[in-house]
Amino acid sequence: MDFAFTEDQLLLQQTLRQYAKEKLLPNYARWDRGEKVSRTELHEAAKLGVFGLRVPEKFGGQEADYVTCGIMTEELSRGDFNYSLYIQLGVIACELLSGFAHPEVQAEWLPRHATGDAVIAFGLTEPSAGSDAANITTRAVKTGDDYVISGEKASITFAGYADACIVFARTSDQGARGISAFLVPLDGPGVTRQVYKTPGERLTQRGSLFFDNVRVPARNRVGGESGGFAQAMIAFDFNRALIALACVGAAQQSLEDTIDYTKGRHVFGKPLAKFEGVSFQVAEYLTMVEAARLIAYKCLWLKDQGQKHTKEAAMAKWLGPKTSAEAIHACLILHGHYGYNMDSPLEQRWRDVVGLEIGDGTPEIMKGVIAREAFGREYTSYRD
């Protein structure tokens with residue numbers, strides 16, 4: 001058993017940690033206060049490799065392994081949690097497009113994505129179908145050489161400015177087996193957007209996408225007809241580990257900042273860190289955050305080895321955001337009134353992390369997945 005990163009991965013970790021501290025953290029609050037990300041900034045992120053991590057080399061990407069994707073997610077989240085969303089959604093888009101899309105669609109979109117010229121969203125959730133994703137109602141009707149798509153997608157990351165979306169739509173009435181995926185450009189007729197007012201992750205302009213008889217060529221179908229739900233579940237498995245590591249990165253940086261603060265802050269004639277009520281809290285959360293980190297990297301390692309990792313993904317997704325939100329909240333309190341201040345990154349990190357307790361599956365769904373894998377599918381509560 002080897003827990004060590006490779007020399008290249010260690011160098012990447014060190015480089016990204018410095019970049020996050022010097023370049024990302026000073027700008028973290030900009031997005032929270034309403035400023036919108038520019039194409040220039042997306043291109044800068046692309047130069048780091050954020051968009052091209054899983055893009056095949058022939059299309060200008062790095063084709064990195066999943067553990068490396070995890071390292072980049074964790075380290076950049078130390079500076080700006082929002083950047084982890086680019087990695088998460090980018091890896092999903094590249095996985096589905098490079099694995100299932102028509103060659104013409106791959107050649108058109110993957111190079112643009114790698115350079116930051118195209119942001120691709122993931123459109124599964126609907127107003128009445130979040131956790132119960134198999135019951136989506138958006139429809140895609142085959143009409144000649146095209147599909148015509150109608151419906152609403154809700155709580156979509158990058159809804160406000162994505163260039164395209166992988167839209168999951170019903171092509172038959174056979175439950176999960178009747179769902180197909182389509183790459184839909186968002187600049188065509190029939191597409192409208194609504195951006196939500198969210199507590200956190202405001203850079204992403206999360207919102208709804210509305211499709212009113214939107215016509216796309218049949219070649220834009222991603223994979224075979226009725227294969228969309230299985231593709232979505234494959235993407236969820238590894239992405240849940242990336243979500244955990246994004247939260248872990250924010251929590252770890254908060255804990256390290258709190259260690260420095262409590263060593264320098266004096267109360268009752270001695271450093272705050274000397275009080276066990278303070279130091280023991282930090283010790284407990286350091287332990288729990290490390291446990292979440294290890295589960296997440298084990299999941300990504302299993303993915304790299306081509307092994308089943310559904311249970312580990314759900315464990316990471318449940319434990320990572322939960323523990324990180326609790327740890328950041330404790331750090332905020334330990335900073336006193338300095339922490340309860342919008343000039344501090346702690347409150348923004350806390351609001352951002354809480355959002356990912358919901359995204360890609362709520363805690364209850366994660367526990368259901370773990371239980372299903374442990375007890376067997378015949379004991380799943382939501383099966384008829």
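The values are calculated or read from the model by the stated rules, or taken from the named source; none is laboratory data. Being a predicted model, the structure only gives us computed values, none of them experimental. Every residue, glycine as well, gets a Cβ built from its backbone with ideal geometry; the counts of neighbours run over all protein chains shown.
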Of all residues in region 312-350, how many are of a type in the set (D, E, K, R) and touching a His at 6+ places or on another chain (Cβ under 8 Å)? 0
What's the number of the condition residue 381 fails, among (1) closer than 26 Å to residue 175 by Cα; (2) within 19 Å of the chain's Cα centre (by Cα)? (2)
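Select, from 333, 370, the only residue that is at pLDDT 95 or above, among the aliphatic types (A, V, I, L, M), more than 18 Å from residue 251 (Cα to Cα) and not assigned by TED's automatic domain parsing to the domain that holds residue 207.
Residue meeting the stated conditions: 370.
A quick yes/no check of all residues on (1) in a helix (DSSP H, G or I); (2) over 30 Å from residue 372 (Cα atoms):
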site	(1), (2)
259	yes, yes
262	yes, yes
281	yes, yes
299	yes, no
315	yes, no
322	yes, no
331	yes, yes
342	no, yes
346	yes, yes
Complete set of residues in region 359-374 that are without any contact (Cβ under 8 Å) to a residue 12 or more places away in the chain and of a type in the set (A, V, I, L, M, F, W, C): 371
Any chance residue 272 is touching a strand residue (DSSP E or B) at 6+ places or on another chain (Cβ under 8 Å) and surrounded by fewer than 23 Cβ atoms within 10 Å (Cβ to Cβ): yes
Could you check region 209-226 and list, in sequence order, the residues that are within 30 Å of residue 30 (Cβ to Cβ) and without any contact (Cβ under 8 Å) to a residue 60 or more places away in the chain? 210
Single residue of region 1-54 satisfying the filter (outside any loop (DSSP other than H, G, I, E, B) and acidic (Asp, Glu)) that is farthest from the chain's Cα centre (by Cα): 7
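For residue 126, indicate whether it is within 27 Å of residue 200 (Cα to Cα), touching a residue at least 12 places away in the same chain (Cβ under 8 Å) and not assigned by TED's automatic domain parsing to the domain that holds residue 201.
no
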